[in-house]
Amino acid sequence: MIPVSCGVVLSDGFVLCAQRNHGQAHALKWEFPGGKIEEGESAEEALRRELLEELNITVKVITSLKSVVHAYVDGPMVKLHPFVCLKDKGQLIVKEHRQIRWVKVELLNNLNWVDADLPVVKQVRELLDASNR
Ligand SMILES: Nc1nc2c([nH]c(=O)n2[C@H]2C[C@H](O)[C@@H](COP(=O)(O)OP(=O)(O)OP(=O)(O)O)O2)c(=O)[nH]1
């Protein structure tokens, strides 16, 4: 089971979505930026390291969401640890992804997500719907 952290990064009501690159697993699918948790690292430490490495940003973590375990067909079993965060410092530099996009919460379903992220998208929608009520 591969432990992975990812960030639902919010700014001005938009969510930062990232498209995986050609040549990677799940090429051209959309994900929340993040990556594998390394030995001796907490999920939150991994998130901060990956966001800095991949996108040159720091974040303020607001809350964690429920983790998702997903077994990819012919692929690894992934345990995804999602965090809702606010973008803090750093000018976004896209280093590894094909592209990034800031997407309104209600339009998140329009992207072609990696399978493990669908339950995360659902949690994000529920969380933000509830906070707008
Ligand atoms: N980053 C990220 N990976 C995800 C998400 N959902 C999901 O199933 N994954 C999977 C895809 C990959 O199999 C794995 C993370 O791999 P990665 O390639 O992004 O991580 P990494 O940068 O640490 O990898 P590496 O190239 O250094 O080996 O988790 C997600 O929302 N964000």
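The values are calculated or read from the model by the stated rules, or taken from the named source; none is laboratory data. Just so you know, these numbers come straight off a predicted model, no measurement behind them. Glycine gets a Cβ as well: all are built from the backbone with ideal geometry, and neighbour counts include every protein chain shown.
Look at region 42-56: where a residue is assigned to a helix (DSSP H, G or I) and a partner is of a type in the set (S, T, N, Q) and within 13 Å of the ligand (Cβ to nearest atom), sitting 6+ places away or on another chain with Cβ atoms under 6 Å, you get 43/5; 46/5; 47/5. For residue 17, the conditions (1) free of Cβ contacts under 8 Å to residues at least 60 places away in the same chain; (2) not in a loop (DSSP other than H, G, I, E, B) are fulfilled apart from (1). If you check residue 35 against the conditions, is it touching an Asp or Glu at 6+ places or on another chain (Cβ under 6 Å), surrounded by 15 or more Cβ atoms within 10 Å (Cβ to Cβ) and not in a loop (DSSP other than H, G, I, E, B)? It is true that residue 35 is touching an Asp or Glu at 6+ places or on another chain (Cβ under 6 Å), surrounded by 15 or more Cβ atoms within 10 Å (Cβ to Cβ) and not in a loop (DSSP other than H, G, I, E, B). Scanning region 68-116 for residues that are part of a loop (DSSP other than H, G, I, E, B), β-branched (Val, Ile, Thr) and in contact with a helix residue (DSSP H, G or I) (Cβ under 8 Å, 6 or more places away or on another chain) returns 93, 94.
Annotation note: of 8, 61, the sole residue that is surrounded by fewer than 17 Cβ atoms within 10 Å (Cβ to Cβ), under 18 Å from residue 89 (Cα atoms) and either of a type in the set (A, V, I, L, M, F, W, C) or under 13 Å from the mean Cα position of the chain (by Cα) (or both) is 61. Tell me which residues, restricted to region 38-58, are among the acidic types (Asp, Glu) and either surrounded by 15 or more Cβ atoms within 10 Å (Cβ to Cβ) or in contact with a Phe, Trp or Tyr (Cβ under 8 Å, 6 or more places away or on another chain) (or both). Passing the criteria: 41, 44, 50, 54. Every test in (1) away from the ligand (no atom under 12 Å from the Cβ); (2) out of contact with any Pro (no Cβ under 9 Å at 6 or more places or on another chain) is passed by residue 64 save one, and that test is (2). Would region 75-82 turn up any residue that is β-branched (Val, Ile, Thr) and more than 8 Å from the ligand (Cβ to nearest atom)? For region 75-82, residues β-branched (Val, Ile, Thr) and more than 8 Å from the ligand (Cβ to nearest atom): absent. Residue count for region 67-96 under the criterion of being more than 12 Å from the chain's Cα centre (by Cα) and farther than 16 Å from residue 2 by Cα: the result is 11.
For every residue, the table says whether it meets (1) modelled with pLDDT under 95; (2) polar (S, T, N, Q); (3) within 22 Å of residue 49 (Cβ to Cβ).
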{"position": "83", "(1), (2), (3)": "no, no, yes"}
{"position": "89", "(1), (2), (3)": "yes, no, yes"}
{"position": "93", "(1), (2), (3)": "no, no, yes"}
{"position": "112", "(1), (2), (3)": "no, yes, no"}
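Inclusion of residue 114 among residues that are surrounded by 14 or more Cβ atoms within 10 Å (Cβ to Cβ) and touching an Asp or Glu at 6+ places or on another chain (Cβ under 6 Å) is warranted.
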